[in-house]
Structure formats: C-alpha cells, structure tokens
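Some notes on the structure that comes next.
The values are calculated or read from the model by the stated rules, or taken from the named source; none is laboratory data. Computed from a prediction, not measured in an experiment: that's the story for all the values here. Cβ coordinates were reconstructed from backbone atoms using ideal geometry, including for glycine residues, and neighbour counts include every protein chain displayed.
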Amino acid sequence: MTREERIAALHGAAKERILILDGAMGTMIQRHGLDEAGYRGERFADWGQDLKGNNDLLCLTQPDIIRDIHSAYFEAGADMVETNTFNATSVSQADYGMEALVEEINREAARLAREAADGWSAREPERPRFVAGAIGPTNRTASISPDVNDPGFRNITFDELAEAYGAQARALIEGGVDAILIETVFDTLNAKAAGFAVLDAFDALGVRLPIMISGTITDLSGRNLSGQTPLAFWYSLRHLRPFSIGLNCSFGADALRPAIQEIAAEADCLVSVYPNAGLPNEMGAYDESPEAMAAELERWAADGLINIVGGCCGTTPDHIRAIAEAVSKYPPRKVPEVEPAMRLAGLEPLVHR
C-alpha cells in the first residue's frame, strides 16, 4: 500500500472500531537488561559520554530489539505503534552529545516500525497496521522558568524548539510514518512549537499526514504543567485540525477519566487515551495488571468516550492484548457536531456565543 492508501485505511478503520495503540517501549527495553556496552554497540564503543538510557539510540545499535518490540505489540492486537523516538530531538540528544545523529535515528526508527507494520499487514491484509511518528516534549519547557529566582528566564525559545521538532518531523516523514504523534505534552507552548514545525515539514515535503496530539496531566488538579485545564489545552491546539486529541501517561486510567470526559464532550475529532499501568510503586515499577487496566478502560468504551486506546509507562503486550479484547465489543466514540463559536483559552477555556 502507498502512504496515501494507508492514511485512507486509517481513517476508514477509525470509523469502524476503537483503534488500538501500542504500550510502553521503555518498559519492554528494560526487560532486555542492556548494559552500557549493549547501548553503545560496536559503532559507539568509544563514545566520550555514557549512553546507557538513551533508548532512541537503540534504533541504530540494537535494531532487532526495537523491531521485535513493535512486532510483539502488533501480535497483541495493536493497530498502530509509535516509533522509538520519544527523545530523538537535538534538544534531548544533547544530553548524550548526539545532536548530529537526530535525523539518522528518526529515519531508522521509522524504518523499523514500518517493517514491522508492513509485515503484519501482509500477514493480515484485511487489517492493515500503521505507524505513528512519536515526537516527545523534550526536557525543556518554553512557558516556565527553571530558575525560581528569575521567573522571566527561559532556557529555550519557541524558535529553537520549532527548529528541533522540524528536523525530527522531516526525518520521520521521510522514514515512512503514517501519522505524527505529538505526545506527553506538559507545556502547551512546546506543543504549539511542535505543531508549527510539523505543518512546516508538511509544506517542505509536499505531504499531509494525520496529526495526533496527546497531553499529560501532572497532578490531581487536572491541569498540565503549564497550568491549563484539558478543555483549554484542546482549544489551544484545535487550529491544527488534528486527527485525534487526548491524554497519556499521567496516572492510571481511573484518575484520568474526568479529564477525558471533558475533552470527549467538546472535541470534534477522535479522542485518544493511553494511561500508565497505575502509579509507580516505591521501586519505580508499575503494578496495575492487564486485567484491571482492561476492565477500567472497558467502562470508558461502554460509555462512548474513546476512539483510540493503548498504554503508557508500565504497560506490555499483555496489557494491550487485554485492552484490545475488552473494548472490541463496543463502537468508537461518536464525534460530536460542535456549534460555531469563538473559543479562547488561557489557563481556562472561554466560549463566546
């Protein structure tokens, strides 16, 4: 299938059923117990900085592991996997001195996910599989000062973020992704820079892909780190005309439900959710079982809240298999018709009719 055919198939599938996204990449990588040498591989054996923990680099040094993880999620029932590129921007890769490798990492990540998706599409042609190019939030925030003594200070600018996101987006598109996923958004201004960069990449490459946006709630107040409510977050980004809007990471599914209900009632696009497997325990592990997580998300599906569902931190193919089975008996959320109005957002939403 061509990319245009895959995009058409993605839109068609979303009308027929709740789509299944994959689970955690980092959780699955941890199972391999890679040491410093495992991350480095032969190519970076003499690199001058520690590389353990740079999961995105594994697209170059351990491609079989990454491809196999994608395939495991497809086997478990995922319709779409995310590329292993959460930190594959020059901003985040600066921690490892690997800014110059960003384009290569993203292209290779897209290629590996594409290979896994195409393999499963060939095996089950009645159910094509898809790839979302994952764009993470970076380790910088454009809205908040990192210096409590200087509230006006910023350690990154909008233009710097847009440049970094643009390089990543272009490489992901060139690598063959079917959609762009701007995910784990804790700062809406970062997401706006990413959206600007993605649209610019579309123009530069002469393509138009579905844009998926997923924010994260930082505490039980229901706001992201830059202070916005879920609905204000949606109003701030709806100009991108996304394929989907939703939330990921944050807490377990039960704590995210109020925020998703707020978005689902107002968003005139698909709604996605991929929560953590509960909150981390004292050892940093996630304890929510596949059965418990699936039972909670089944109630969301039964209530017509979601179009796309998967898992974030702590989730595995077992979680995705259980979730896919649990929601399969329910139709996707019906996208509402939203009356025209002036919708504005600061930290809170404002609608003027």
Open item on the list: Quick test for you: out of 116, 142, pick the one residue that is among the small types (Gly, Ala, Ser) and modelled with pLDDT of 95 or more.
Closed with: 116
Task: Restricting region 28-44 to residues that are over 26 Å from residue 323 (Cβ atoms) and of a type in the set (A, V, I, L, M), the residue that is surrounded by the most Cβ atoms within 10 Å (Cβ to Cβ) - done: 34
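Taking the residues in region 214-233 that are in contact with a strand residue (DSSP E or B) (Cβ under 8 Å, 6 or more places away or on another chain) and farther than 18 Å from residue 140 by Cα as candidates, determine which candidate is surrounded by the most Cβ atoms within 10 Å (Cβ to Cβ). Even if it seems obvious, please write down each step before you answer.
Step one: filter region 214-233 for residues in contact with a strand residue (DSSP E or B) (Cβ under 8 Å, 6 or more places away or on another chain), giving 214-217, 224, 228-233.
Subsequent filtering for residues that are farther than 18 Å from residue 140 by Cα retains 229-233.
Details: 229: 21, 230: 26, 231: 20, 232: 23, 233: 28.
So, considering only residues that are in contact with a strand residue (DSSP E or B) (Cβ under 8 Å, 6 or more places away or on another chain) and farther than 18 Å from residue 140 by Cα, the one surrounded by the most Cβ atoms within 10 Å (Cβ to Cβ) is 233.
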Task: Qualifying residue in region 65-81 (condition: farther than 22 Å from residue 243 by Cα, in contact with a strand residue (DSSP E or B) (Cβ under 8 Å, 6 or more places away or on another chain) and among the β-branched types (Val, Ile, Thr)) - done: no
Task: Test: residue 204 is surrounded by fewer than 20 Cβ atoms within 10 Å (Cβ to Cβ) and either over 18 Å from residue 158 (Cα atoms) or at pLDDT 95 or above (or both) - done: yes
TODO: Kindly list the number of the only condition in (1) closer than 20 Å to residue 317 by Cα; (2) of a type outside the set (Lys, Arg); (3) touching a residue at least 40 places away in the same chain (Cβ under 8 Å) that fails for residue 261.
DONE: (1)
Open item on the list: Could you list, ordered by first residue, the pairs with Cβ atoms under 8 Å in which the first is in region 168-187 and closer than 16 Å to residue 230 by Cβ and in contact (Cβ under 8 Å) with a residue 60 or more places away in the chain and the second is in a loop (DSSP other than H, G, I, E, B) and polar (S, T, N, Q), at least 6 apart or interchain?
Closed with: 184/216
TODO: Counting only residues that are of a type outside the set (A, V, I, L, M, F, W, C) and within 30 Å of residue 285 (Cβ to Cβ), give me the helices (runs of 4 or more DSSP H) lying completely in region 158-274 with at least 2 of them.
DONE: 253-266
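Kindly indicate whether residue 182 is at pLDDT below 95 and buried (at least 23 other Cβ atoms within 10 Å of the Cβ).
Numbers: at pLDDT below 95: no; buried (at least 23 other Cβ atoms within 10 Å of the Cβ): yes.
Judged against the criteria, residue 182 is not a match.
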- [ ] Look at residue 321 and say whether it is over 29 Å from residue 189 (Cβ atoms), among the basic types (Lys, Arg) and modelled with pLDDT of 95 or more.
- [x] yes
Task: Selection from region 113-133 of residues that are out of contact with any Gly (no Cβ under 9 Å at 6 or more places or on another chain) and within 10 Å of residue 83 (Cβ to Cβ) - done: 132
Open item on the list: Take the conditions β-branched (Val, Ile, Thr), under 21 Å from the mean Cα position of the chain (by Cα) and farther than 17 Å from residue 1 by Cβ and apply them to residue 157. Does it pass?
Closed with: no
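When you go through 65, 69 one by one, which is the residue that is in a helix (DSSP H, G or I), touching a Pro at 6+ places or on another chain (Cβ under 9 Å) and either among the polar types (S, T, N, Q) or modelled with pLDDT of 95 or more (or both)? It would help to see each step written out before you state the result.
On the way: 65 fails: touching a Pro at 6+ places or on another chain (Cβ under 9 Å).
Of the residues listed, the single one that is in a helix (DSSP H, G or I), touching a Pro at 6+ places or on another chain (Cβ under 9 Å) and either among the polar types (S, T, N, Q) or modelled with pLDDT of 95 or more (or both) is 69.
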- [ ] Would you check if residue 106 is within 16 Å of the chain's Cα centre (by Cα), assigned to a helix (DSSP H, G or I) and within 20 Å of residue 210 (Cα to Cα)?
- [x] yes
TODO: Could you run through region 316-353 and say how many residues are over 20 Å from residue 299 (Cα atoms) and under 22 Å from the mean Cα position of the chain (by Cα)?
DONE: 2
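Name every residue in region 14-27 that is outside any loop (DSSP other than H, G, I, E, B) and either surrounded by fewer than 19 Cβ atoms within 10 Å (Cβ to Cβ) or at positive phi (or both), in order of residue number. Give the derivation first.
Step one: of region 14-27, the residues outside any loop (DSSP other than H, G, I, E, B) are 14-16, 19-21, 25-27.
Residues satisfying the conditions are 15, 16, 26.
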Open item on the list: Could you check region 109-157 and list, in sequence order, the residues that are over 20 Å from residue 99 (Cα atoms), in a strand (DSSP E or B) and of a type outside the set (Val, Ile, Thr)?
Closed with: 130, 132
Open item on the list: Among the residues in region 284-300, are any in a loop (DSSP other than H, G, I, E, B), over 22 Å from the mean Cα position of the chain (by Cα) and surrounded by fewer than 19 Cβ atoms within 10 Å (Cβ to Cβ)?
Closed with: no
